[in-house]
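Okay, structure first, notes after.
The values are calculated or read from the model by the stated rules, or taken from the named source; none is laboratory data. Predicted, not measured: the structure shown is a model, and the values here were computed from it. Note: ideal-geometry Cβ built from the backbone for every residue, glycine included; neighbour counts use all protein chains shown.
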């Protein structure tokens with residue numbers, strides 16, 4: 001069994017229970033970052049104690065969770081989306097694995113919602129990212145009007161994301177932001193589009209507000225992009 005399937009089983013259980021990652025973290029005694037890494041397959045071996053804590057919080061036995069994970073593995077990857085949104089942060093990722101992961105997820109367009117599409121991380125600044133995506137047939141669009149103002153980043157960093165979301169929701173009422181939301185919604189209806197920012201954990205990123213709004217408007221499916229390294233072999 002690969003840990004990607006284990007993460008899928010944890011995520012499915014959490015969503016069925018109506019819990020957020022923060023809820024699961026509180027109930028299990030683990031950090032929200034650890035829960036995120038387990039769900040996205042970003043840890044090669046989460047350890048029996050962490051798995052046991054998650055199982056207790058989800059009211060499922062370890063054997064039950066493993067059985068669900070093995071069922072996912074036998075069925076292959078999660079069903080390929082034909083349209084909808086893939087949420088992705090490039091924090092902790094390398095460009096080659098990132099692009100390969102997008103291909104595996106069936107992404108046809110990347111919507112970059114950073115205010116400024118520049119990065120010190122090799123390959124993730126606008127031009128090089130666009131070129132890397134174009135090389136494998138994936139489109140790129142920078143939706144600057146959906147970027148989060150520098151003045152509204154501290155709440156996300158300080159552990160008060162709801163305050164940051166509240167401010168960002170107000171910013172989304174601008175004409176430019178509404179136009180970009182409409183464009184993003186149409187992309188999500190047509191095919192699979194990745195909504196890209198930096199933070200690995202969507203709960204700590206303004207893109208959650210964007211994705212929630214598009215899903216509300218379009219009823220299209222949404223998924224996280226797993227760590228590609230965990231899908232090898």
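On inspection, residue 130 does not qualify as in contact with a strand residue (DSSP E or B) (Cβ under 6 Å, 6 or more places away or on another chain), modelled with pLDDT of 95 or more and under 15 Å from residue 115 (Cα atoms).
From the list 207, 169, which residue is in contact with a strand residue (DSSP E or B) (Cβ under 6 Å, 6 or more places away or on another chain) and in contact (Cβ under 8 Å) with a residue 40 or more places away in the chain?
It is 207.
Check 66, 35 and return the single one that is under 30 Å from residue 185 (Cβ atoms), part of a helix (DSSP H, G or I) and either at pLDDT 90 or above or outside the structural domain of residue 224 (by TED's automatic domain parsing) (or both). Residue meeting the stated conditions: 35. If the condition is being closer than 20 Å to residue 88 by Cβ and more than 15 Å from the chain's Cα centre (by Cα), then the range 23-43 contributes only 43.
Please state which one of 195, 202 is buried (at least 20 other Cβ atoms within 10 Å of the Cβ), assigned by TED's automatic domain parsing to the domain that holds residue 96 and at pLDDT below 95.
When all the criteria are applied, what remains is 202.
Here residue 56 meets each of (1) assigned to a helix (DSSP H, G or I); (2) in contact (Cβ under 8 Å) with a residue 12 or more places away in the chain; (3) buried (at least 18 other Cβ atoms within 10 Å of the Cβ) with one exception, condition (3).
It is to be established whether one or more residues within the range 144-163 are within 25 Å of residue 81 (Cβ to Cβ), in the same structural domain as residue 226 (by TED's automatic domain parsing) and surrounded by fewer than 18 Cβ atoms within 10 Å (Cβ to Cβ). No: zero hits. Are any residues in the range 147-163 at pLDDT 95 or above and within 18 Å of the chain's Cα centre (by Cα), and if so, which ones? Across the range 147-163, the qualifying residues are 147, 148. Check the range 165-176 and report whether any residue there is in contact with a helix residue (DSSP H, G or I) (Cβ under 8 Å, 6 or more places away or on another chain), part of a helix (DSSP H, G or I) and within 29 Å of residue 46 (Cβ to Cβ). Checking the range 165-176: at least one residue is in contact with a helix residue (DSSP H, G or I) (Cβ under 8 Å, 6 or more places away or on another chain), part of a helix (DSSP H, G or I) and within 29 Å of residue 46 (Cβ to Cβ).
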